[in-house]
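Structure record follows, encoded as structure tokens.
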Amino acid sequence: MDKFIIKGGTPLKGTIPISGSKNAALPVMAAALLADSPTTIHAVPRLRDIYTFNNVIRITGARVDFHEDKNKLVIDPKHVSHLEAPYDLVRKMRASFYMLGALLGRFGHAKVSLPGGCAWGPRPVDLHLKGLKAFGADINLDEGYVLADAPDGELDGGTFELDPSSVGATVNLLLATVRSSNTSVIKNAAKEPDVVQLCRILTKMGAQIEGIGTRTLTIHGVDKLKGIEVQNSPDRIETGTFMIAGAMHPESNITLTQTDPEDLGKFLDIFKEVGVELEVNDDTIRVVAPDKLQPVSVKTQVYPGFPTDLQAQWSTMMTQAEGKSKVTDTIYFDRFSYVPELVRLGADMEVKKNTVHIKGKTPLKGASLMSTDLRASVSLVLASMVAKGQSEVLRVYHLDRGYENLENKLTRVGAQIKRVDNDQ
Ligand code: EPU
């Protein structure tokens, strides 16, 4: 198991290219199974979650060729015959549950393992199942698997309202319905950029979807979808993570390239409040750190609100702001496993219910730290980069699920991070 050894205290200066988005690529990969011909996706990041999903797709009989040197993924759905996603793979990555919508939507049947718990508490899939039932699917649970059937080979359609709004459920319902011959309406649909990208790509494949980018999606089913060649969007969470990294040391000055500032929603304006100098262009963002960071309290919300996937990184930055702040997660109430680790570095933070109360600025001093999930793990790296002395971040396999080349990107702009095999 790899770990990072990080020497803190160096500013970041230079340019960091942003990779393609993991969470935007996964639904498109599932959508490729709905077509009758191969789909090519460019800017797919080389990440553990992508490799896992490639294997989930391969099990069905589809051909998956990942040209890693070019970040190009080709999925040929011609020979899909095994309509199942097994527990061994689904438990590694919850998004494998997208196979439910894709297989049901294309073949009228799917057997997909329930994902189970997650590192920071329960993450239900009840809305995925209720939505599919509302659209006419027979859903049965058997030995940890969901067995889904469309009685006459395709779903009847209808209307279903998501409460709360859910990215995953919106994706699954879209996948399940675009190829039926009926009309389905998803209310309170997610409008995260990942969902918007999926809708646009499905449309290019031949789907008919009204209301893209709004809370109501109306899907008029079509007979056929064709495979196409598409460009995946830049990773907005990686972008936000590096913006935070660039703000945390008073001498840092970095430029993020190949990104899409529009996908950041309200995060961009909230970020300005910490006192950074920000230069935003079409596909670049320059961050010049302030001498002193201002404390800014935030609450996570669905898009375009502050993303839960940047909550841990924001709290980490707030440990270095001059004053008190509060960070509340309204999407996931328990996503604070990184807090005790930051306290071990010297941060003054306390979790009460779904809010972390932070008193800054506290000097941080290097220590050994344990990663517990993807965003927690990157937050420990952010903290270690400004801590005095040396830190070790253990179990960085969490980080490898969602950040392509993280240590190389950061090392190139001045961070001192070394990956070592902890088992040696
Ligand atoms: N929810 C339910 N029932 C459901 C589904 C969701 O109650 O059936 C609740 C959840 O418990 C949560 C809220 O709805 O409180 C929103 O969850 P959502 O379904 O939108 O999350 P997700 O689709 O499982 C995706 C991202 C997550 C990200 C969330 C929120 C992917 C693969 N995952 O998860 O990303 O945190 O949306 O934006 O796109 C990450 O990248 O680190 C990550 C966890």
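The values are calculated or read from the model by the stated rules, or taken from the named source; none is laboratory data. What you are looking at is a predicted structure, and each value in this text was computed from that prediction instead of being measured. Don't worry about glycine lacking a Cβ; one is built from the backbone with ideal geometry, like all the others, and counts go over all protein chains shown.
A few points about this structure:
- When the criteria are applied in full, LEU399 meets the requirement of being out of contact with any Gly (no Cβ under 7 Å at 6 or more places or on another chain), within 16 Å of the ligand (Cβ to nearest atom), assigned to a helix (DSSP H, G or I) and more than 19 Å from PRO11 (Cα to Cα).
- Leading residue by the ranking (farthest from the ligand (Cβ to nearest atom)) among those in the stretch 1-58 that are part of a helix (DSSP H, G or I) and out of contact with any helix residue (DSSP H, G or I) (no Cβ under 7 Å at 6 or more places or on another chain): ARG58
- When GLY227 is tested against (1) closer than 26 Å to GLY360 by Cβ; (2) in contact with a strand residue (DSSP E or B) (Cβ under 6 Å, 6 or more places away or on another chain); (3) in a loop (DSSP other than H, G, I, E, B), exactly one condition is not met: (1).
- If you go through the stretch 291-321 and pick out every residue that is away from the ligand (no atom under 16 Å from the Cβ), hydroxyl-bearing (Ser, Thr, Tyr) and buried (at least 24 other Cβ atoms within 10 Å of the Cβ), you end up with 1.
- Checking THR203, THR216, THR183, THR257 one by one, the residue that is under 21 Å from the mean Cα position of the chain (by Cα) and surrounded by fewer than 23 Cβ atoms within 10 Å (Cβ to Cβ) is THR257 and no other.
- Candidates ASP329, ASP348, ASP334, ASP423: the one that is in contact with a strand residue (DSSP E or B) (Cβ under 8 Å, 6 or more places away or on another chain) and at pLDDT below 95 is ASP334.
- ALA102 over 22 Å from the mean Cα position of the chain (by Cα) and over 24 Å from VAL393 (Cβ atoms): no
- Among residues of the stretch 288-318, those that are in contact (Cβ under 8 Å) with a residue 40 or more places away in the chain, under 27 Å from VAL343 (Cα atoms) and within 24 Å of the chain's Cα centre (by Cα), counted: 12
- Screening ASP88 against (1) modelled with pLDDT of 95 or more; (2) outside any loop (DSSP other than H, G, I, E, B); (3) more than 16 Å from the ligand (Cβ to nearest atom); (4) within 23 Å of VAL396 (Cβ to Cβ) leaves a single unmet condition, (1).
- Looking only at the stretch 270-287, residues that are assigned to a helix (DSSP H, G or I) and either more than 21 Å from the chain's Cα centre (by Cα) or more than 30 Å from LEU26 (Cα to Cα) (or both) come to 1 in all.
- Scanning the stretch 113-128 turns up at least one residue that is within 30 Å of SER371 (Cβ to Cβ), modelled with pLDDT of 95 or more and among the aliphatic types (A, V, I, L, M).
- Screening GLN416 on (1) under 18 Å from MET317 (Cβ atoms); (2) surrounded by fewer than 18 Cβ atoms within 10 Å (Cβ to Cβ) shows it passes everything except condition (1).
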